[in-house]
1. Mind jotting down the distance between the C-alpha centroids of the stretch 215-289 and the stretch 294-347, whole Å?
2. Normalising by the residue count of the stretch 6-150, find the relative contact order in percent from Cα pairs under 8 Å and 6+ residues apart.
3. How much FRET efficiency would the formula 1/(1 + (r/R0)^6) give for residue 138 and residue 219, where r is the Cβ-Cβ distance and R0 is 41 Å, rounded to 0.05?
4. Can you give the three extents of the C-alpha atoms in the stretch 6-150 along their principal axes, from longest to shortest, in whole Å?
5. Let me have the relative contact order for the chain, percent, based on Cα pairs under 8 Å that are six or more residues apart.
6. For a test of the definition: using alpha carbon positions, the gyration tensor, and the 1.5 limit on a/c, classify the stretch 159-214 as rounded, prolate or oblate.
7. Sorting 81, 214, 342 on the 10 Å Cβ count, fewest up front, what's the list?
8. What is the calculated FRET efficiency for residue 333 to residue 481, with r their C-beta to C-beta distance and R₀ = 45 Å, to the nearest 0.05?
Ligand code: SF4
């Protein structure tokens with residue numbers, strides 16, 4: 001009989017200890033579904049499982065069993081250094097460690113140095129393999145991957161105790177993550193989901209999830225974690241209309257504008273959708289997904305603004321996603337047009353990302369690496385607010401000046417007030433205020449201003465940003481040390497350095513990585 005293991009699963013929602021208001025209010029709502037799925041599969045195999053969601057406040061050591069055999073960590077790249085430190089800590093106590101989540105998919109070569117297993121697409125057979133083997137693979141861990149996402153996942157009923165545990169942590173607003181599909185049929189070249197086959201999950205599974213929530217929570221709030229919700233629009237709406245009485249569940253979803261005609265938006269509103277997050281990305285390209293065809297510049301701004309205002313007439317919270325630093329961008333237009341968009345659509349909450357090259361997340365990253373444009377910015381800073389590649393048509397100081405200007409404009413007290421007036425419902429209104437002040441205005445603007453100032457005054461940092469050296473500037477090292485607090489002592493030697501061209505190097509290898517060999521799991 002298989003040895004019963006004590007398994008710890010850590011879902012890293014925060015990248016370091018934190019006390020911010022935004023993370024306090026919303027942190028526990030950012031849980032991922034896969035750690036709950038892995039926890040369920042491990043329990044089904046008869047193992048003892050403890051799942052901890054780390055929102056920056058928990059004492060991870062106290063919450064996991066002292067004699068844990070195997071620790072799975074799910075991490076975004078931004079939290080990778082924390083995950084490396086935790087792996088080191090648990091290995092020192094005799095545990096075997098495995099990494100999953102976006103960082104494992106983007107930077108497997110780097111993560112293999114610090115984990116016994118690095119997991120790409122993960123299905124039940126793959127988890128069985130890890131728990132059966134459960135042995136040290138050092139100095140280089142095994143990189144395992146199924147050929148694609150699993151075709152079905154344990155539903156909310158099987159995951160309920162883990163869902164409930166996360167909900168208990170959310171003090172005010174409690175959101176349950178669900179899925180109706182995986183992957184995306186679009187092919188936006190910067191996106192990790194662009195090369196993942198679109199795969200709807202079974203309608204019966206969706207129905208069962210929704211029925212369960214109606215019995216467990218008085219007025220559930222559901223965030224669909226689909227990369228692009230509603231690709232099979234009618235099928236999803238039929239399921240919701242069959243199972244959910246109008247007004248009983250509030251829904252949040254990320255969806256492209258091209259899927260959101262007025263008839264559909266009305267149907268979404270009727271079915272309880274309270275927040276939509278469409279991607280706009282650029283005023284000069286990606287017209288297909290925003291339904292603006294060949295329109296570009298101010299013409300596209302007007303069309304998108306009309307579309308967003310139409311959505312806001314039916315749906316109280318709309319977050320529009322924008323990307324700065326695309327190779328097509330030059331001059332002040334991308335930033336000025338975004339400000340004009342906000343003037344025309346004051347109810348929309350803008351979310352800004354910089355174009356960053358996340359290892360092997362997207363095929364276009366190969367060409368950036370081939371051109372040697374990618375800098376080894378430590379993972380700790382690789383979120384959507386720090387580019388790791390010099391913008392093609394801007395100097396750094398021009399780029400930061402524009403960024404500070406557009407961000408200050410977007411989260412000024414005047415704009416926050418206009419947004420507050422434009423949003424119809426209480427929770428979306430106050431979410432806009434808390435987020436606008438906490439993470440955007442005081443977080444981002446301060447960070448951009450600091451980097452911009454240092455580009456003038458800090459020679460080390462300037463040389464690094466100009467790719468004259470790969471030595472990590474002391475400013476970054478000190479910030480990582482401060483942020484990680486006591487976890488800094490567990491950071492393995494060399495962990496703040498990574499090879500930004502590891503994807504390109506791996507493509508040039510002659511023998512296939514084990515991740516391809518594992519395709520027999522399909
Ligand atoms: S539509 Fe959205 S999820 Fe789909 S590939 Fe584009 S950015 Fe990614």
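1. Each part's Cα centre sits 20 Å from the other's.
2. It comes to 23 percent, rounded to a whole number.
3. Result of the calculation: an efficiency of 0.25.
4. Computed over the stretch 6-150, the largest-to-smallest principal extents equal 41, 31, 29 Å.
5. 15 percent
6. Oblate.
7. If I rank by nearby Cβ atoms, fewest first, I get 214, 342, 81.
8. Calculated value: 0.70.
None of the figures in this text is laboratory data; all of them are computed from the coordinates on show. These numbers come from a predicted model, not from an experiment. Note: ideal-geometry Cβ built from the backbone for every residue, glycine included; neighbour counts use all protein chains shown.
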